[in-house]
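Peer 1: I am attaching a structure below and will ask some questions about it afterwards.
The values are calculated or read from the model by the stated rules, or taken from the named source; none is laboratory data. On a predicted model such as this, the values are computed, not experimentally measured, just so you know. Cβ: placed from backbone, ideal geometry, glycine included. Neighbour counts: every protein chain shown. The area values use the complete protein model at the heavy-atom level, side chains included, leaving out ligands, DNA and RNA. Shrake-Rupley method; radii C 1.70, N 1.55, O 1.52, S 1.80 Å.
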Amino acid sequence: MVTAREVAQLCGVSVATVSRVFNRPATVSATTRERVERVARDLDFSPNESARALSRQQSAMVGLVWDTDHRRPGWRHPFLQDLLLGLKSALSSHGYHLLLLATSDDARDRRPGVSLADPIGYVSMTRRHHLAGLVLIDSGTDADAFTAFAQSGLPCVALDVALSGPRATHVTSDNAGGAAEAVRHLAALGHRRIATITGPRGNAPAAARTEGYLRGLAEAGLTAREDLVITGDYYRESGFVGMRRLLARKDPPTAVFAASDEMAVGALLAARAAGLRVPGDLAVVGFDDIEVASLVDPALTTVAQDKPGFGTAAAGAMLAMIENAGAPEPVLLPTKLVVRDSCGGHPRR
């Protein structure tokens, strides 16, 4: 393996100069920097990342804090998988890597720096490993831990949950606006009994989508009904069960807005099991625009989130905080209604 000393000897510079080229390039003249980089390429020399982290007190690793407790299915959700691919790609293009920091609230695993029940220990662990920053995904029970992270001074970017601090910000979709647009679309098609299957209680995007559902009803001049609001968990089974409960009502809905595509697919299956035609007897709209939305029959009308944009925005906010002291403004990404076949057509003019 080629060493920094060999590169220095061939370039006629000190080992310290070679180190500065890769760690603090602005402190080295352009001529010297280009000569060292050319020799390093020719010799296939790569700086030792551990040594660089110690030298700079910062590695090229960004930690992803995500509760992967076996009792929570969130890590399997296709939207989150697409989002993380975009985040990883955006960070990689700037020379940073995404490191999964698997956490757990399981009582069997409460070691310091492993459980979010010990946020101070977790922050200490990230500092020991010289992580450049943290990307945070909320499981619905992590508010106290995320507050501690936000106040720690580490660069932190939260996904789909509000976060503020000296070097903390968040990226989220316009969940309320997207939900309101979906309901307005259903109302424009002539529907008056519009139900919703919400996301889980305590989840910020779920609350915003429910708020948007209620706002969309009000904007269409429709009255909200408690019996047409069913709580789900973003997954297919809860959509199926929720739709069966709605269809059992004395005055069942003619349309349903599901707060995720997975639940919307469950609703489609429940309608089919009940002998109903979609969209003839029931209109269905989802949220996310995951791959399956265009593959089911009928193809699902849904509110599309900007999955690549999520990753790019989160990476951009993280890089801005790594390179500068302050926190950038939160990012609100627009959504888009994608009209397919599960609603039966376009709005009336």
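Peer 1: Please pick out the residue among Asp82, Asp67 that is open to solvent by less than 20 Å² (accessible area, probe 1.4 Å), within 30 Å of Pro308 (Cβ to Cβ) and at pLDDT below 80.
Peer 2: Asp67
Peer 1: Within region 303-317, is even one residue of a type in the set (A, V, I, L, M, F, W, C) and within 20 Å of Leu186 (Cβ to Cβ)?
Peer 2: Within region 303-317 (the criterion being of a type in the set (A, V, I, L, M, F, W, C) and within 20 Å of Leu186 (Cβ to Cβ)), the answer is yes, since at least one residue qualifies.
Peer 1: Name every residue in region 234-279 that is of a type in the set (D, E, K, R), touching a residue at least 40 places away in the same chain (Cβ under 8 Å) and surrounded by 14 or more Cβ atoms within 10 Å (Cβ to Cβ), in order of residue number.
Peer 2: Result: Asp261, Glu262.
Peer 1: Restricting attention to helices (runs of 4 or more DSSP H) lying wholly within region 167-261, give those where 3 or more residues are within 17 Å of Thr301 (Cβ to Cβ). Give the steps one after another, and end with the answer.
Peer 2: On the way: elements: 175-188, 204-219, 236-247.
Once the helices (runs of 4 or more DSSP H) in region 167-261 are filtered for at least 3 residues that are within 17 Å of Thr301 (Cβ to Cβ), what remains is 175-188, 204-219.
Peer 1: Here are the criteria: (1) under 18 Å from the mean Cα position of the chain (by Cα); (2) on the phi > 0 side of the Ramachandran plot. Tell me which single one Phe287 does not satisfy.
Peer 2: (2)
Peer 1: Please state which of the following conditions Met61 fails to meet, knowing it meets all the rest: (1) aliphatic (A, V, I, L, M); (2) at pLDDT 85 or above; (3) touching a Leu at 6+ places or on another chain (Cβ under 6 Å).
Peer 2: Of (1) aliphatic (A, V, I, L, M); (2) at pLDDT 85 or above; (3) touching a Leu at 6+ places or on another chain (Cβ under 6 Å), only one is false for Met61: (2).
Peer 1: If Pro200 meets every condition in (1) open to solvent by less than 30 Å² (accessible area, probe 1.4 Å); (2) touching a residue at least 40 places away in the same chain (Cβ under 8 Å); (3) out of contact with any Lys or Arg (no Cβ under 8 Å at 6 or more places or on another chain) apart from one, which number is that one?
Peer 2: Of the numbered conditions (1) open to solvent by less than 30 Å² (accessible area, probe 1.4 Å); (2) touching a residue at least 40 places away in the same chain (Cβ under 8 Å); (3) out of contact with any Lys or Arg (no Cβ under 8 Å at 6 or more places or on another chain), the odd one out for Pro200 is (1).
Peer 1: Now, a different point. Can you name every residue in region 262-285 that is part of a helix (DSSP H, G or I) and under 22 Å from Ala208 (Cα atoms)?
Peer 2: If the condition is that a residue be part of a helix (DSSP H, G or I) and under 22 Å from Ala208 (Cα atoms), then Glu262, Met263, Ala264, Val265, Gly266, Ala267 are the ones that fit.
Peer 1: A further question on this structure: Out of all the residues in region 174-186, is one or more under 22 Å from the mean Cα position of the chain (by Cα) and at positive phi?
Peer 2: no
Peer 1: State whether one or more residues within region 174-184 are touching a helix residue (DSSP H, G or I) at 6+ places or on another chain (Cβ under 8 Å), within 21 Å of Leu80 (Cβ to Cβ), open to solvent by 60 Å² or more (accessible area, probe 1.4 Å) and outside the structural domain of Val65 (by TED's automatic domain parsing).
Peer 2: For region 174-184, residues touching a helix residue (DSSP H, G or I) at 6+ places or on another chain (Cβ under 8 Å), within 21 Å of Leu80 (Cβ to Cβ), open to solvent by 60 Å² or more (accessible area, probe 1.4 Å) and outside the structural domain of Val65 (by TED's automatic domain parsing): absent.
Peer 1: Take region 16-33 and flag every residue that is modelled with pLDDT of 85 or more and surrounded by 13 or more Cβ atoms within 10 Å (Cβ to Cβ).
Peer 2: Answer for region 16-33, where residues must be modelled with pLDDT of 85 or more and surrounded by 13 or more Cβ atoms within 10 Å (Cβ to Cβ): Thr17, Val18, Val28, Thr32, Arg33.
Peer 1: With respect to Gly153, determine if the residue is in contact with a helix residue (DSSP H, G or I) (Cβ under 7 Å, 6 or more places away or on another chain), farther than 30 Å from Ala264 by Cβ and surrounded by fewer than 24 Cβ atoms within 10 Å (Cβ to Cβ).
Peer 2: For Gly153, the condition - in contact with a helix residue (DSSP H, G or I) (Cβ under 7 Å, 6 or more places away or on another chain), farther than 30 Å from Ala264 by Cβ and surrounded by fewer than 24 Cβ atoms within 10 Å (Cβ to Cβ) - is not met.
Peer 1: A further question on this structure: Restricting attention to region 36-48, does a residue exist that is closer than 30 Å to Ala145 by Cα and either surrounded by 16 or more Cβ atoms within 10 Å (Cβ to Cβ) or modelled with pLDDT of 90 or more (or both)?
Peer 2: No: zero hits.
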